């Protein structure tokens, strides 16, 4: 009896404790995830969400994308065993330079969700809400710009799509490709809509600002305009639905928009931006544009920032590309070697083009007392972009020379960089080739040059463990000036164009101003090539002018090709050449002994030629994507 | 010990017998092969540059089985029996491929039962007729006729004609050791065109080169080629090797 009673009591107690209301038991606020209404109630939390969205921006070349994103296109030679394919292939696949379709649309969806949630938020102050919304819209527009550059018109999705598994009807989320012009129109109209919601402050560089928005608009309108204008020369690169190709009639309107957006920045409406002109040495000054992150740098408009000290957000660009003999990380260096093709294109200070003089009129070698003398009197951007033989980095000189030339013209060298040998007729060992090459070994300057742009001179920046925190500049003021110059030129205002171009050129030491009559299409193309080298513009500029298939036509580049027609837009450049310095050893002739001569060399590894086919103008859309969404039409010529 | 090894042996035999089940399909057996031809005459193109696509419907996702023509215009594919549709994508090849009224490439229906040879009829813009390639005096000379096939409103002019030579049998704009070019505007008599190219020194030395002629049509990316010809020539210093 007693037993039954105690069982009954226990049962009763258990029953009581189990009788909690379901909602009390189940509705526990999660402790690991912030619900939307909480996350969008605090500006600091919204900023951290936005930080993730900023981090996922897409770049073609970028410092944390790997050095190889700066290579290729015969503007450089890749000095790494695993990357020789860049100069050994004969064409680019149609899928090259495409985007990760699924990943990018996931990103677009998250941007759309961000905008919808911030719109629904009630807890934020309206000023904060406006700025965050504008930033989200900027990121989305900039992403669509990155997509349209690569793929032409893409499905333009501006709200988060919801798939209903009950109806099981995928057609509601199968969106066809928009016209190429519609995507550009979207980018431009978004920029116009948000520009006044963002700070017009020159010191806002890593977040969207008014100037960044206008810079995006300027570049996008210019791209659309040139596709409209120059697309006429490649009528095959178009689709009947307009997904690829823009009618020529729209060119003038786009050029006008590009000029207006550029001028809004130039006139100071978006902040006090100006050309960086701080250091007395023009080349040092140009190199510093990409290194100086202080408020002195009023040229950078939008950057991808990095921070080494304590934060550990760094990149390996300097580790990968530093000179071998000065490397902070033994054996890790020297991958990106600018080509002679690019070096030749830097003009002389009198605004004329000429090959780097290696031979005189009688085809005899020219003797130079100092290895850098051959580059004297050139555009200061040359030494600011390229680390020349005997050039200075981190207080040391790079050791680039290919060997001795003997009296009979034969070469005495070694295939091992920096090796000691006995010169003919001597008994002491001397170094017979530079420690940085050029020899056909990876990480040495196989073209005779190293890269200087973005190379970080900070102590320790070349170590793998520390890395470099130089920022990548996405938009800068000099590009805006060149955009304005190009748009003005195309609109028949060459005088205005010359004025803008001269500002960029004066900073480079080219102080003789160009006149209106000097401005030609070739000049515009040339100026962008040398000013914006290794900043991710080469491919897209040549694509939008529809000259990519002419420059990279698959025919080997001969020495004659290399040294003729310098400064013309359609000059062939299918293989990266090098310039190798040699020291003369001729004790019987003191006039030449110890002097330097130079020879143009096609690095022995280069066996392929760049061939840009019409099908390369717009990157391949994967079969799986088109099978999943049959409304997506395929690219032309593929 | 003996017992254990017996067990191991037994298990091994069982496992190997059990795994010998037929677990997969046979490899495709039927071979589809052919050439691109104009009135029965094969058309030469650049190796790996002119693609074709085969589609088979009824298996869910639609995607192409793609490959490309060889430099003599031939193609081949090992396939399962069944119905396929073959297209040459727009903008590919130095010829016109049939199109639907919507501008998409028209398809050729292939019902494959066992191996089959299929020549694909196309309309080239030009044909290189009677090419004569000879090597003498350190040069390769070519004489040939150019016949204009497409003469209606869609006709296109010749951009240039190039004689290529190479050390190996693959000869094209990307694979050559020397080339000689004549612009389309410089051709006065299409029935009598000649080109000459110097044979450069080759390493290792060889007493033959491969040569062919490639014709570029304005606005068309791919060249049309004459057949590859192997040309022997004398190397003065190495005549003991000549035969």
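Can you sort A:607, A:76 by how many other beta carbons sit within 10 Å, fewest first?
A:607, A:76
If you fit an axis through the alpha-carbon atoms of helix B:2-19 and take the longest principal axis of the Cα set of chain B, what angle between them do you get, 0 to 90°, nearest 10?
Rounded to the nearest ten degrees, it is 50.
With everything on Cα atoms, drop me the angle between helix A:180-194 and the longest principal axis of chain A, reported from 0 to 90° to the nearest 10.
Tilt of helix A:180-194: around 70 degrees.
Where does helix A:521-531 land angle-wise versus the long Cα axis of chain A, in degrees 0 to 90, nearest 10?
Long axis of A:521-531 versus the principal axis of chain A: about 80 degrees.
Can you give the Rg and Dmax of the range B:27-117 based on its C-alpha atoms, in angstrom?
13.2, 38
Determine, from the Cβ-Cβ distance of residue B:48 and residue A:313 and an R0 of 51 Å, the FRET efficiency 1/(1 + (r/R0)^6), rounded to the nearest 0.05.
Given R0 = 51 Å and the Cβ-Cβ separation, E is 0.70.
I'd like to compare A:121-127, B:174-180: which one has the highest average count of other Cβ atoms within 10 Å, and what's the full order after that?
Ranking, from highest mean packing down: B:174-180, A:121-127.
Under the definition of Cα pairs under 8 Å and six or more residues apart, what whole-number percent is the relative contact order of chain A? Present the calculation step by step, with values, prior to reporting the outcome.
Working: 1235 pairs, mean separation 124.4, N = 638.
After rounding, I find 20 percent.
Quick check: convex hull of the Cα atoms in the protein assembly as shown, volume per residue, rounded to a whole Å³?
Details: hull volume 286.0 nm³, N = 881.
In the protein assembly as shown, the Cα convex hull volume per residue is 325 Å³.
Which three lengths, in whole Å and largest first, does the range A:320-415 cover when its Cα atoms are put on their principal axes?
45, 38, 22
Kirkwood Rh and Cα-based Rg: tell me the resulting Rg over Rh for the range A:204-296, rounded to two decimals.
1.13
So how far, in whole Å, is the C-alpha centre of the range B:155-216 from the one of the range A:90-139?
52
For an R0 of 25 angstrom, estimate the FRET efficiency from the Cβ-Cβ distance between residue A:278 and residue A:397 and round to the nearest 0.05.
0.55
Averaged across B:221-227, how many Cβ atoms of other chains sit within 10 Å of each residue's Cβ atom?
If you average over the peptide's residues, the count of other-chain Cβ atoms is 1.
Is it possible to state the helix-based mean residue ellipticity at 222 nm for chain A, with each DSSP H run of 4+ residues giving -39500 (n - 2.57), the sum divided by total residues, to the nearest 500 deg cm²/dmol? What is it?
Result for chain A: -10500 deg cm²/dmol, rounded to the nearest 500.
Just checking the output field for A:545-554: average partner chain Cβ neighbours within 10 Å of each residue's Cβ?
1
Can you give the FRET efficiency to the nearest 0.05 for residue A:10 and residue A:172, using r as the Cβ-Cβ distance and R₀ = 60 Å?
The value I calculate is 0.60.
Would you mind computing Rg(Cα) / (2.2 N^0.38 Å) for the range B:81-168, counting N as its residues?
Numbers: Rg = 18.3 Å, N = 88, 2.2 N^0.38 = 12.1 Å.
That works out to 1.51 for the range B:81-168.
In Å, what Kirkwood hydrodynamic radius results for the range A:94-252 from the alpha-carbon pair distances?
Evaluated on the range A:94-252, it is 17.1 Å.
What is the packing order of peptides A:83-96, A:340-353, A:417-430, taking the mean over residues of other C-beta atoms within 10 Å and listing the highest first?
A:340-353, A:83-96, A:417-430
Whole number please: convex hull volume per residue, Cα atoms of the range A:422-568, in Å³.
On the way: hull volume 32.3 nm³, N = 147.
It comes to 220 Å³ per residue, whole-number rounded.
How would A:449, A:443, B:59, B:95 line up from fewest to most surrounding beta-carbon atoms within 10 angstrom?
B:59, A:443, B:95, A:449
Could I get the Rg over Rh figure for the range A:351-394? Both from C-alpha atoms, Rh via Kirkwood, rounded to two places.
Reported Rg/Rh, Kirkwood definition of Rh: 1.00.
So for the pair residue A:350, residue A:570, with labels modelled 7 Å out along Cα→Cβ, what separation do we get in nm?
Distance between label points: 2.9 nm.
Would you please calculate the Kirkwood hydrodynamic radius of the range A:438-516 over all C-alpha pairs and express it in Å, rounded to one decimal? Can you show the working numbers first?
On the way: mean 1/r = 0.0626 Å⁻¹.
Kirkwood hydrodynamic radius for the range A:438-516: 16.0 Å.
What is the ratio of the Cα radius of gyration of chain B to 2.2 N^0.38 Å, where N is its residue count, to two decimals? Write down the numbers at each step before the final one.
On the way: Rg = 25.3 Å, N = 243, 2.2 N^0.38 = 17.7 Å.
With N residues counted in chain B, Rg over 2.2 N^0.38 Å equals 1.43.
For the pair residue A:305/residue A:120, report the inter-label distance in nm, with labels modelled 7 Å from Cα in the Cβ direction.
Label at residue A:305, label at residue A:120, 3.2 nm between them.
Given points 7 Å out from each Cα along the Cα-Cβ axis, report the residue B:147 to residue A:130 separation in nanometres with one decimal.
Each label point is offset 7 Å from its Cα along the Cβ direction, giving 7.5 nm.
Given the range A:524-638 reduced to its alpha-carbon atoms as identical point scatterers, what log10 I(q)/I(0) does the Debye formula return at q = 0.14 Å⁻¹?
-0.78
Roughly what percent of Cα-Cα pairs across the range A:105-189 reach past 20 Å?
Working: 1523 of 3570 pairs.
Percentage above 20 Å: 43.
How do the peptides B:116-124, A:286-294 rank, highest first, by the average count of neighbouring beta carbon atoms within 10 Å per residue?
A:286-294, B:116-124
Taking beta carbons within 10 Å but only from partner chains, what does the mean come to for residues B:169-179?
Rounded to a whole number, the mean comes out at 3.
Could you grab the relative contact order for the range A:5-149? Cα pairs under 8 Å, six or more apart, rounded to a whole percent.
31
Let me see the pair-distance distribution of the range A:158-241: every alpha carbon pair, 10 Å bin width, integer percents in order.
In whole percents, the pair-distance histogram is 14, 29, 26, 22, 8, 0.
Round to a whole angstrom and tell me the spacing of the C-alpha centers of the range A:444-495 and the range A:280-331.
10
Report, for the range B:16-141, the % of DSSP beta bridges that are antiparallel, rounded to 5. Don't skip to the answer; put the middle values down first.
Values: 26 of 30 bridges.
Expressed as a percentage, antiparallel bridges in the range B:16-141 total about 85.
How high is the relative contact order of chain B, given as a whole-number percent (alpha carbon pairs under 8 Å, six or more residues apart)?
It comes to 19 percent, rounded to a whole number.
How far is the Cα center of the range A:215-253 from the Cα center of the range A:531-608, in Å?
Taking the Cα centre of the range A:531-608 as reference, the centre of the range A:215-253 is 31 Å away.
Taking neighbour Cβ counts within 10 Å as the exposure measure, how do B:6, A:537 sort from fewest upward?
Details: B:6 10, A:537 18.
Sorted ascending by nearby Cβ count, the order is B:6, A:537.
For a paramagnetic label modelled at 7 Å from the Cα of residue A:558 toward its Cβ, which residues of the range B:188-231 fall within the zone defined by backbone nitrogen distances under 15 Å?
Answer for the range B:188-231: B:196-201.
On alpha carbon coordinates alone, what is the Rg over Rh value for the range A:1-109, Rh being the Kirkwood radius? If you can, show how the numbers build up before the last one.
On the way: Rg = 30.6 Å, Rh = 21.1 Å.
That ratio is 1.45, to two decimals.
Throughout, read-outs are computed from the coordinates displayed, never taken from laboratory work. In this text the structure is predicted, and so the values were computed from the model without any measurement. Cβ atoms come from the backbone with ideal geometry, glycine included; neighbour counts cover every protein chain shown.
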